[in-house]
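The structure appears below as structure tokens.
The values are calculated or read from the model by the stated rules, or taken from the named source; none is laboratory data. The structure displayed is predicted, hence computed values, not measured ones. We place every Cβ from the backbone using ideal geometry, glycine too, and count neighbours over all the protein chains shown.
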Amino acid sequence: MENFLEIGQIVNSYGLKGQMKVVPFTDNIQRFSKLKTIYIEIEKQLKEFKIEEVKYHKNNILIKLENINDINVAEKYKNCYIKIDRKDAVKLPEDTYFIVDLIGIEVFTQESVLLGKIIDVFPTGSNDVYVVKNELGKQILLPAISEVIKNVDIPNKKMIVNLIKGLV
């Protein structure tokens, strides 16, 4: 499992005093207000920053970090990803998972037939859809509903599914 979870991307500076505009990757953007520390990935290295202030603007976050006090410094972080330590992540309800934990999981039928690995997850409104790709490049789209997803074992990177009529 990943120790750090991606929660947003810095897309621009905002104002002249070092604020940054962040596109969130989380369902609940209000959770940014509860964070004290974030990590920014710069050239595959994580650098820790303390948060001074968080504001909300439309569906984005405006964040002010300690020791970043002008637009020129803030601009250097444009397009960088924001991560948090897994220990600071929200507690998920039962049968919900972080996308990063699902990517790469092997998917099997109830008859132990390997369908492939999850390569992507996308929301559809009512439920997520898991994109499963096999060795030959064939993709299967699996709705994340209890009728289809029977067991998810994150530590062992394995998922068991029931292929209902019409999925394959």
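Here's the yes/no breakdown for (1) at pLDDT 95 or above; (2) not assigned by TED's automatic domain parsing to the domain that holds Val23; (3) not hydroxyl-bearing (Ser, Thr, Tyr):
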site	(1), (2), (3)
His57	no, no, yes
Asn60	no, no, yes
Leu65	yes, no, yes
Asp70	no, no, yes
Ile84	no, no, yes
Pro93	no, yes, yes
Ile105	yes, yes, yes
Phe108	yes, yes, yes
Val113	no, yes, yes
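What residue, of Lys58, Lys44, Lys64, is basic (Lys, Arg) and in contact with a Gly (Cβ under 7 Å, 6 or more places away or on another chain)?
On the way: Lys58 fails: in contact with a Gly (Cβ under 7 Å, 6 or more places away or on another chain); Lys44 fails: in contact with a Gly (Cβ under 7 Å, 6 or more places away or on another chain).
Of the residues listed, the single one that is basic (Lys, Arg) and in contact with a Gly (Cβ under 7 Å, 6 or more places away or on another chain) is Lys64.
State all residues of segment 85-118 that are touching a residue at least 60 places away in the same chain (Cβ under 8 Å) and β-branched (Val, Ile, Thr); if no residue qualifies, say none. Hits for segment 85-118 are Val90, Val100. In segment 40-51, the residues that are farther than 15 Å from Ile68 by Cα form Cβ pairs under 7 Å with partners that are among the basic types (Lys, Arg) and surrounded by 12 or more Cβ atoms within 10 Å (Cβ to Cβ), at six or more places apart or across chains, as follows: Glu41/Lys83; Leu46/Lys83.
Take the conditions of a type in the set (S, T, N, Q), within 28 Å of Tyr130 (Cβ to Cβ) and not assigned by TED's automatic domain parsing to the domain that holds Ile154 and apply them to Asn79. Does it pass?
Spelling it out, Asn79 is indeed of a type in the set (S, T, N, Q), within 28 Å of Tyr130 (Cβ to Cβ) and not assigned by TED's automatic domain parsing to the domain that holds Ile154.
A single member of Asn67, Asn72 is assigned to a loop (DSSP other than H, G, I, E, B) and within 30 Å of Gly18 (Cβ to Cβ), and it is Asn67. Return yes or no: is Phe122 in contact with a strand residue (DSSP E or B) (Cβ under 8 Å, 6 or more places away or on another chain), modelled with pLDDT under 95 and outside any loop (DSSP other than H, G, I, E, B)? Yes, satisfied.
Scanning for something farther than 27 Å from Gly104 by Cα, in contact with a strand residue (DSSP E or B) (Cβ under 9 Å, 6 or more places away or on another chain), in a strand (DSSP E or B) and not hydrophobic (A, V, I, L, M, F, W, C), does segment 26-46 turn up at least one residue? Yes; the residues of segment 26-46 include at least one that is farther than 27 Å from Gly104 by Cα, in contact with a strand residue (DSSP E or B) (Cβ under 9 Å, 6 or more places away or on another chain), in a strand (DSSP E or B) and not hydrophobic (A, V, I, L, M, F, W, C). So for segment 136-149 (the condition being touching a strand residue (DSSP E or B) at 6+ places or on another chain (Cβ under 6 Å) and within 24 Å of Val11 (Cβ to Cβ)), does at least one residue qualify? The answer is no; no qualifying residue exists. Scanning segment 89-108 for residues that are surrounded by 17 or more Cβ atoms within 10 Å (Cβ to Cβ) and of a type in the set (Asp, Glu) yields one hit, Asp101. Among the residues of segment 109-168, the one identified as of a type in the set (Ser, Thr, Tyr), surrounded by 11 or more Cβ atoms within 10 Å (Cβ to Cβ) and more than 22 Å from the chain's Cα centre (by Cα) is Thr109.
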